[in-house]
Every structure is written in C-alpha cells, then in structure tokens.
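Please read the structure below before turning to the comments.
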Amino acid sequence: MNAASRLLRIYDRLMQQTAEQSTLNAWAGAFDVALDRPHLEDEVTTLLMGLRSEVNFARARLDAHGVPTGLTSPSFERMSQYASPGHIHSPWKNHVGNLHTPDVRKILEWAAWALREEDEADMSAEELTVLEGELAALEAALGETDMAPYLRDFVRKQVETIRGALRMYGVQGVKPVQDALQKVAGAYKTQEKVIEKTVAAAPEEAKGLFAKAAGVIEKVAKVSDNLSKIKKGGEEAYAIGTAVSAVLLPYLPKLLGA
C-alpha cells in the first residue's frame, strides 16, 4: 500500500461503522482497536493524530508528482477535519454524512492509483499478531524475572517503542516502524558499555530474557526491510533493519542458550 491507499482503507472501514455510536467508537472500529482496551481514548487519539499526519504526507507525495492541490478537495480536508480528537465524544451520526459522499471516496481512490509506484509490501495480519504477541510475552516476563532495574527498564522502553510503531503501522505503513528501530538501535548503541557490564553480571534467566528481547527486535527489523521493498523494480528503499540487526548481534548468540 501507499499513503493514499492506506487512507482509502481506513475510510472504507470508517464508512462501515454504524451511525448510532460515539465518534470515538467509530474510529476505534476503523482502526481495528478493541473497545475494551484499557486506554481506548488515548490509543485512538494517537492514531487520529497519525492519520492527520498521513493525510499531509499523502498530499506531499502528490505534490512531488505535480498533482494540483485542488484535485484532493474536499476529501483530504474532510479526512483531517473529522480525524480531530476534538470530535471523539460527539455522536458519529453528526459527522458521517459529510464524509459518506461519492466524491470523497473517488478522490481517495484515484490518489491511491496516482501513488501506485510507491506501494510498500504489506505485513500480514497474522505476522502482526505474532509480533504483538511476542512483545506482550516479553512485557509479562519482565515482571516475573529477577533482573537489575536498569535492564528491566531498558527492555520495557524498547518494547513500548516497538509496540507503538506496530500499532501505527496500519495508519502510516513502515515509516513509524523504521523510526522506532532507529530509536531502539540508538539506545543499544549509546548505552552499549553499561548494557555489556550489566548483562554480564545478570543471572542466567535475566540474560535469557534480554536475549529474547533482542531476538524479537531483530524479527521486527527483518520485517521492516521486507516491507521497504517497493514495487518499482523490487528496489529496496531502505535497509534500516539490516543496520539494526548489526547493532543487536552481540546479544543474539545468547538466545541460543535461552
């Protein structure tokens, strides 16, 4: 998918939501966020801000192709307007009529076609579920493993960073995943000496958990590089994952004995 086709997919899901509910719940349905999530409003708000950024990004990509600004009106403006966190507590029926018009969808449809050469490979729902499950298992293990507070906090921060990026994947594609991996790699690199010393003194169980964390991050890094292969000539636009894997390499052999 490209930026505009992601907008189209979210739009179609949004239009499938029933009118008799809150705007918060309608957007949650469009983003495939379960309504019983403990911090639903915060999560949906974060995704809405990501969607507004993606509208701007899609418009910037169309600018780069010389597409006049007027050709995305009123679709892009309405997507941004109703993706405002300020609307989430109002009834969805108050807004859906302004979005559920043929011109809004048609503009998104042709914009997706116009950016077709920028399509990314797609992560399957199964693959995303597996990665999220492994992150959840890591987080749960942190509370049950005897390890130095520094290591526990370090792993937790990396888990939270990667998890946030995976949640944003459906809205912004591989970009937030790449940004998260760069942040994680920076944390490993800048704290390298402290990590080495703390891991060396850690109990075997803690060493194993730290290695598992590195292994999960490496999986995400490999997925990132696969998603970055755009259609045009199979070109790999980025290889951030490869660089991240190199940073993690000193910790991965421990995984074999974990």
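The values are calculated or read from the model by the stated rules, or taken from the named source; none is laboratory data. The structure displayed is predicted, hence computed values, not measured ones. Cβ: placed from backbone, ideal geometry, glycine included. Neighbour counts: every protein chain shown. We work out accessible area using only protein heavy atoms, side chains counted, and drop any ligands, DNA or RNA first. Shrake-Rupley method; radii C 1.70, N 1.55, O 1.52, S 1.80 Å.
Side notes on the structure shown:
- Test: residue 109 is open to solvent by 70 Å² or more (accessible area, probe 1.4 Å), over 20 Å from residue 187 (Cβ atoms) and either at pLDDT 95 or above or assigned to a loop (DSSP other than H, G, I, E, B) (or both): yes
- Residues satisfying the stated conditions in the range 140-149, i.e. open to solvent by 70 Å² or more (accessible area, probe 1.4 Å) and assigned to a helix (DSSP H, G or I): 149
- Apart from one condition, residue 94 fits all of (1) of a type outside the set (A, V, I, L, M, F, W, C); (2) open to solvent by 80 Å² or more (accessible area, probe 1.4 Å); (3) at positive phi; the exception is (3).
- Of everything listed in (1) more than 24 Å from the chain's Cα centre (by Cα); (2) open to solvent by 70 Å² or more (accessible area, probe 1.4 Å), the single unmet condition for residue 160 is (1).
- Boolean, residue 179 is open to solvent by 40 Å² or more (accessible area, probe 1.4 Å), under 19 Å from residue 243 (Cα atoms), of a type in the set (Asp, Glu) and in contact (Cβ under 8 Å) with a residue 12 or more places away in the chain: yes
- The listed residues are 93, 106, and the only one of them that is basic (Lys, Arg) and farther than 23 Å from residue 2 by Cα turns out to be 93.
- Qualifying residue in the range 151-172 (condition: of a type in the set (Phe, Trp, Tyr) and closer than 24 Å to residue 10 by Cβ): yes
- Here residue 20 fulfils each of the conditions (1) surrounded by fewer than 20 Cβ atoms within 10 Å (Cβ to Cβ); (2) out of contact with any Lys or Arg (no Cβ under 8 Å at 6 or more places or on another chain) apart from (2).
- Check on residue 170, under 16 Å from residue 245 (Cα atoms) and at pLDDT 90 or above: no
- Among the residues making up the range 203-247, those that are surrounded by fewer than 19 Cβ atoms within 10 Å (Cβ to Cβ), part of a helix (DSSP H, G or I) and modelled with pLDDT under 80 are 232, 233, 234, 242, 243, 246.
- Members of the range 55-73 found to be open to solvent by less than 70 Å² (accessible area, probe 1.4 Å), part of a helix (DSSP H, G or I) and within 14 Å of residue 110 (Cα to Cα), listed by number: 58, 59, 62, 70, 72
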